[in-house]
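Nothing in this text is a laboratory measurement; each read-out follows from the coordinates by a stated rule. None of the values given here were measured: they were computed from a predicted structure. No Cβ is skipped: glycine too gets one built from the backbone with ideal geometry, and neighbour counts run over all protein chains shown.
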């Protein structure tokens with residue numbers, strides 16, 4: 001009876017992931033300049049918008065949106081532009097996996113939200129990495 | 001007090017939350033991701049027939065997209081290295097959709113339809129690449145619509161393919 005409905009848990013997981021990505025863009029953006037910095041700014045704005053959309057959907061469902069953590073552990077220090085691009089590639093790849101799992105759990109419009117989140121994360125990852133992967137978000141099909 | 005403690009076990013994390021007060025606020029180094037999903041193959045063992053037909057139909061569309069790349073590469077061989085890697089990903093999509101051949105008793109009864117003749121290739125490489133990008137975008141939107149109607153497992157695969165197609169379009173745009 002106290003368990004939240006499945007959609008709420010999935011939306012909270014996506015929100016937690018978007019919080020982390022917003023944090024990462026803040027860290028990485030400071031190390032970028034020129035076109036990359038502008039792209040990072042657009043990414044930051046897009047993820048904040050998605051985060052706010054998720055929070056609103058949770059409130060609609062009478063759930064309290066999960067707040068961001070006070071800080072996050074980065075996989076490695078971000079000291080220059082190259083580190084920043086690597087971090088953003090990794091974050092978008094991990095976010096793609098979160099959204100891919102959300103597709104599995106959601107129906108109707110919410111599934112559409114998840115496919116959109118997966119698509120946007122895959123596009124951003126491809127642009128940061130300057131290359132494609134065949135199955136974004138599907139860890140079990142990741143190439144060796 | 002840390003956010004991690006309140007999360008369900010096994011939940012995927014993009015970044016691990018830092019421990020409060022860690023090393024004067026410095027970001028701790030940690031691999032934050034539960035990287036692998038349990039189970040290598042998430043396809044159901046015996047998908048219902050309509051699902052098989054749906055997979056075949058999408059696989060034919062995906063193969064047609066690969067054929068579009070082949071036509072452009074035939075016309076502009078200098079673009080082969082770059083475009084062939086993208087075309088190969090579409091072939092991987094078709095393989096994933098069709099699955100192992102041995103598990104397909106109805107394969108001979110309903111062979112996948114032959115892809116339609118690709119549209120004529122424009123006279124310049126930039127125009128041909130623009131056509132490819134447009135075809136990828138159309139395919140991506142279509143794949144997302146197909147995802148809406150599919151079973152959860154197939155929906156996840158279709159959404160990933162749609163994401164790949166959208167990423168191809170974005171990468172093609174950057175080379176123009």
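By the Stokes-Einstein formula, at 0.890 mPa s and 25 °C, segment B:113-173 with its Kirkwood radius over alpha-carbon pairs has D equal to 196 µm²/s. Protection proxy ranking of B:154-160, B:72-78, by the mean of other Cβ atoms within 10 Å over each peptide's residues and highest first, is B:154-160, B:72-78. Within 10 Å of the Cβ of each residue in A:68-80, the mean number of Cβ atoms contributed by other protein chains is 6.
Each principal axis of chain A carries a Cα extent, and these read 49, 33, 23 Å when sorted largest first. Counting beta carbons within 10 Å around each of B:52, B:65, B:125 and listing the fewest first gives the order B:125, B:52, B:65.
Ordering A:80, B:131 from the fewest to the most neighbouring beta carbons within 10 Å gives A:80, B:131.
Using only atoms on other chains, find how many Cβ atoms lie within 10 Å of each Cβ of peptide A:7-18 and report the average.
Details: counts 0, 0, 2, 0, 0, 3, 6, 2, 0, 9, 5, 1.
Averaged over the peptide's residues, the number is 2.
Remark: mean inter-chain Cβ contacts per residue of B:165-175 equal 5, using a 10 Å Cβ-Cβ cutoff to other protein chain atoms. Its relative contact order, with pairs defined as Cα atoms under 8 Å and 6+ residues apart, puts segment A:1-126 at 32 percent.
Going by how many other Cβ atoms sit within 10 Å of their own, how do A:115, A:89 line up, fewest first? If you can, show how the numbers build up before the last one.
On the way: A:115 28, A:89 19.
So the ranking, lowest neighbour count to highest, is A:89, A:115.
Could you check how many percent of all C-alpha pairs in segment A:61-127 are farther apart than 16 Å? Working shown, then result.
Details: 1329 of 2211 pairs.
So the portion of pairs separated by more than 16 Å is 60 percent.
Projected over all directions and averaged, the alpha-carbon convex hull of segment A:14-92 occupies 5.0 nm². Equivalent-ellipsoid semi-axes for segment A:1-60 (Cα gyration tensor, √(5λ), whole Å, largest first): 30, 10, 6.
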